[in-house]
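I have placed the structure first, in the form of structure tokens, so that the comments after it can refer back to it.
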Amino acid sequence: MNTLVMELNISTATAPGAVLTHLQILESEAIHIMREVAAECKNPALLFSGGKDSIVMLRLAEKAFRPGRFPFPLMHIDTEHNFPEVIAFRDKRAAELGERLIVRSVQDSINKGRVKLRQENESRNVMQTVTLLDAIQEFGFDACFGGARRDEEKARAKERIFSFRDEFGQWDPKNQRPELWDLYNTRVHPGEHMRVFPLSNWTEMDIWQYIAQEKLEVPIIYYAHKRDVVWRGGWLPVSHLVQPKEGEDVKNLMVRFRTVGDMSCTCPVESDAATPEQIIEETAATRITERGATRMDDRTSEVSMELRKREGYF
């Protein structure tokens, strides 16, 4: 750990005898991980989608590195199937922070022949992998921060905080480095890189409690609003990507999104929650996981997320 990071740690030290809240413990761990990457890695980046988890990541980066600039750029892999409210928020937040935002597009990968569609308007979630790996190679990133959490999905629960990817960007769940006593091994061979997940130990509840505590702004679609939806095993939002089929009824329901991603496969949930505090109450009562309730691409098989991650997904 370099001198700068040691000084930053000292400046945020807790008074002797003070009892930390669980959010303070999680925040402290995440800031420690971010500073460790900044100290040990040559060229990191922070993946920022405009979603709630990456919004929390930005807040943690502010606490870790302000008043200086972040020691890494922000990067978004845009499927161009994203909700327009989220893209507008992404650009606004990056501009407010004055940080560099790199955007690489799945559509560009399609135009170059790097990604081939099986059918028009199919989900582009899995296709982000090619664009992401191309961008990592283009900029020579040796570490990419991600906002993934272990409670989201069982494949993510398997992954370590520092996740090593081989020269093909692939993850091997049977070949992960131990992380005893929060000691991280950041050495990579030429061509390899790391994904780093400072929020691994956070839950969806922790994220919303932190958003409430820090009074963080999030895209408006996280809160209850009226929207046209059709039922396809989950309520899908009607858009230019999802048009009602013959025999389908369009409902105008009060809904909110628990995750934001590809519009063609991201389902809202029925809700009246209009504030972080009301969402916290709903989250405490739900018995369905965040991605289980909202992501149709995760329902294609028991191991759909793990297969994507093995190929280089987030």
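The values are calculated or read from the model by the stated rules, or taken from the named source; none is laboratory data. Note that the structure is predicted; figures quoted are calculated from it, not measured. All Cβ positions, even for glycine, are placed from backbone atoms using ideal geometry, and neighbour counts span all protein chains on display. Ligands, DNA and RNA are excluded from the accessible area calculation, which covers all protein heavy atoms including side chains. Shrake-Rupley method; radii C 1.70, N 1.55, O 1.52, S 1.80 Å.
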Go through the range 110-123 and give me each residue that's part of a loop (DSSP other than H, G, I, E, B) and surrounded by 14 or more Cβ atoms within 10 Å (Cβ to Cβ). ARG114, VAL115, ASN121, GLU122, SER123
Any residue that is at positive phi, open to solvent by 50 Å² or more (accessible area, probe 1.4 Å) and not basic (Lys, Arg) - is there at least one of those in the range 93-107? no
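Taking the range 158-169 on its own, how many of its residues are within 15 Å of ASP53 (Cβ to Cβ) and touching a Lys or Arg at 6+ places or on another chain (Cβ under 8 Å)?
Matching residues across the range 158-169 total 1.
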Output the residues belonging to the range 129-138 that are in contact with a Ser or Thr (Cβ under 6 Å, 6 or more places away or on another chain) and either of a type in the set (Lys, Arg) or open to solvent by less than 20 Å² (accessible area, probe 1.4 Å) (or both). THR131
Quick check on my filter: what residues within the range 137-174 are assigned to a helix (DSSP H, G or I), among the hydrophobic types (A, V, I, L, M, F, W, C) and free of Cβ contacts under 8 Å to residues at least 60 places away in the same chain? ALA157
So for the range 94-102 (the condition being closer than 25 Å to VAL242 by Cα and basic (Lys, Arg)), does at least one residue qualify? no
Quick one: ARG90 ticks every box in (1) touching a residue at least 60 places away in the same chain (Cβ under 8 Å); (2) crowded, with 17+ Cβ neighbours inside 10 Å bar one, so which box is it? (1)
